[in-house]
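First up is the structure itself, then whatever we jot down about it.
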Amino acid sequence: MAKLQIVVLVLLSLHVASSSKLVCHMTNWAQYRPDAGKFTPENIDPFLCTHIIYNLATITSVNQVDTTEWNDEALYAQLNNLKNSNPALKTLLSVGGTVKGVSPFIAMVAKPETRAVFIKSAIGFLRTHHFDGLNVDWEYPGHNGSPLEDKTRFTLLLAELASAFEKEAREERKTRLMLSVNAAGVPATVNTAYEVDKISAYLDFINVMTYDYHGHWEKVTGHNSPLYRSAADHADSELSIDSALSRWLDLGAPAEKLLLGFPTYGRTNRLTTGANGLGAPSNGPAEAGPYTRTEGFWAYYEICDFINTAEVSWISEQEVPYATYGSAWVGYDNKRSFSSKVQMLNNRNLGGAHVWTLDLDDFSGSFCSDGAHPLVNHLRNSMGFAPKPTTTPRPTTTRDPIADFCRGRPDGLYANAADKTTYFQCFKGNTYLQRCQSGLIYWDSCKCCNWP
């Protein structure tokens, strides 16, 4: 057998097999979580995602973009310094939220003059802090106190932003700023909030928020991010990823601009009877997690602790898991459900995925015994991205059957029949041997490492 050689991967840009974007959100409030839950841009692997969106900036009463935290500008610098390590990384600033419970977009979009002030401010702010684009997070035009006319005004705002970004890039001889939105994942909301065919023309990508479909606000259990509807799901039958994507596509959104949302958190319920399956009676949330400290909401790393003692079940109709222990119930995502969602993403030829959020995955690897960022790394590999820059041993001669394994195969993950504790990652015909965590074996059904 030919001698193993060390191959150093120096990747100046990230390429994918079928989707071009893996967009990851981070939040500036994650810095206030205690101990191992604290997250800042210093915790980010610059090669994990293609784009990172910083959440959240706001709009002042005089229609100017502004910070929301005392140290935002320092955190902006930390984030954008990651581009020194990975020049291909793109960063965007998300603007939105509420001011005294009301979206600041409502007043800003009302007149052409106020929109113009905002747009000029946005361009200056993004350039000053070295962002590559703007993410508009308005939840939602025509809802929550926003008049129905804002559906049209939202289109005007995006058209004017896109035009101004083009003009500024041309006049200043700079790369054009990108423009994206966080958009509704509920079909009924999509209908009333957006002129989908029109706004799609102005956007580089659309982050469809395919999560928060169910939670403790309901009287029965329901999954946070189901792939399909279930006969046991008594609520709105359109509350699923499949229904949301169908609505966006039916209304004229180009598939290549739609990004499917992948949550790294779960929603909890408090069970009230002996029943504990989907649609079981519940009343309010389980106890808040020790790090996120938010009712009805657990980070994936908090869920890892919970499932060590909980009963874990799989909802076959919706291709997602849930877990119960005592009266606590949580619907969440794992590697298996991420794999199912990647399959839908590929089947619909979508432009990629967006993750809410980096700081809710086990970013340090301290909780789940599965390495840092187990969910996002699995998503990245499943989508067919190149291996991250590393020094990796692999056979290099065509006579070696392992080295030849990926010749002619599509990019992706494959079982190694000779050793279940390892698996192959194929990229552009090259074979990379990856190893599972101690005690785990590779399961091709979920494209992940799990217990035997």
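A short reminder: the numbers here are calculations on the coordinates, not readings from a lab. Here the structure is a predicted model, which means the values were calculated and not measured. FYI the Cβ positions are ideal-geometry reconstructions off the backbone, even for glycines, and counts take in every protein chain you see.
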Original post:
Dipole of the chain (Lys/Arg Cβ +1, Asp/Glu Cβ -1, origin at the Cα centre): which of S85, V376, F205 lies farthest to the positive side?
Top reply: S85
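Work out the length of the dipole vector of the range 251-361 about its Cα centre, built from +1 on the beta-carbon of each Lys and Arg and -1 on the beta-carbon of each Asp and Glu, and round it to the nearest 20 debye. Please list the in-between numbers first.
Values: 8 positive and 11 negative charges, 55 e Å.
Charge dipole, the range 251-361, about its Cα centre: 260 debye, nearest 20.
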Original post:
In sequence order, what are the phi-derived ³J(HN,Hα) couplings for the range 28-36 according to the Karplus relation 6.51 cos²θ - 1.76 cosθ + 1.60 with θ = phi - 60°, rounded to whole Hz, with x for glycine and proline?
Top reply: 6, 8, 5, 5, 8, 6, x, 6, 6
Subject >> Antiparallel bridge percentage (DSSP; both residues within the chain; nearest 5) >> reply: 50 percent
Subject >> Extension gain, L251 back to N347 (0.36 nm per residue minus Cα-Cα distance, nm) >> reply: 32.7 nm
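With +1 assigned to the C-beta of every Lys and Arg and -1 to the C-beta of every Asp and Glu, and no other charges, what is the dipole magnitude of the chain about the Cα centre in debye, to the nearest 20?
Working: 40 positive and 46 negative charges, 254 e Å.
Computed about the Cα centre, the dipole is about 1220 debye.
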Original post:
Relative to the present Cα-Cα distance, how much length would full extension add between E42 and A188 at 0.36 nm per residue of separation?
Top reply: 48.7 nm
**OP:** Kindly flag which residue pairs out of K120/K174; K38/K83; K83/K198; K83/K341; K90/K420 have an alpha-carbon separation exceeding 26 Å in this structure.
**Re:** K83/K198; K83/K341; K90/K420
**OP:** Return, ordered by residue number, the residues of the range 253-276 whose backbone nitrogen is under 11 Å from a label point located 7 Å along Cα→Cβ of E311.
**Re:** 274-276
**OP:** Sort out the exposed loop chymotrypsin sites (Phe, Trp or Tyr not before Pro) in the chain (DSSP loop, at most 14 other Cβ within 10 Å) and tell me the longest stretch that has none.
**Re:** 218-452
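Calculated FRET efficiency, E69 and R127, Cβ-Cβ r, R0 25 Å, to nearest 0.05?
Plugging the Cβ-Cβ distance into 1/(1 + (r/R0)^6) gives 0.75.
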Original post:
Out of residues 5 or more away from V99 or on other chains, whose amide H comes under 5 Å of its own, with H placed 1.01 Å from N in the peptide plane?
Top reply: none
**OP:** Would you calculate the separation in nanometres between label points at D197 and K174, each defined as 7 Å from the Cα along the Cα-to-beta-carbon direction?
**Re:** 3.5 nm
Subject >> Neighbour cut-off at most 15 other Cβ (10 Å), DSSP loop, GluC sites (Glu not before Pro), the range 17-108 >> reply: E69
Original post:
Going out from 0 in 10 Å bins, what whole percent of all Cα-Cα distances in the chain drops into each bin?
Top reply: 4, 20, 30, 27, 14, 4, 1, 0
**OP:** Identify the residues of the range 36-55 with backbone N under 12 Å of a label point that sits 7 angstrom from the Cα of S366 along the Cα-to-Cβ direction, or state none.
**Re:** 36-40
Subject >> Karplus-derived HN-Hα couplings along the range 243-250 (A = 6.51, B = -1.76, C = 1.60, θ = phi - 60°), whole Hz, x at Gly and Pro >> reply: 5, 5, 5, 4, 5, 4, 5, 4
Subject >> Karplus-derived HN-Hα couplings along the range 266-279 (A = 6.51, B = -1.76, C = 1.60, θ = phi - 60°), whole Hz, x at Gly and Pro >> reply: x, 10, 10, 9, 10, 5, 10, 9, x, 6, 9, x, 5, x
Subject >> Spin-label pair E166/D35, simplified geometry with 7 Å Cα→Cβ offset, distance in nm >> reply: 5.4 nm
**OP:** Would you kindly give the portion of the calculated P(r) for the range 254-377 that falls above 25 Å, as a percent of all Cα pairs?
**Re:** 26 percent
Subject >> C-alpha center-to-center spacing [the range 95-123, the range 186-245] in angstrom >> reply: 25 Å
Original post:
What nm distance separates the two modelled labels at D404 and V62, each placed 7 Å from Cα along Cα→Cβ?
Top reply: 7.2 nm
**OP:** Using the Cα centre as the reference, give the magnitude of the dipole from point charges on the C-beta atoms of the range 28-130 (Lys, Arg: +1; Asp, Glu: -1; all else neutral), rounded to the nearest 20 debye.
**Re:** 340 debye
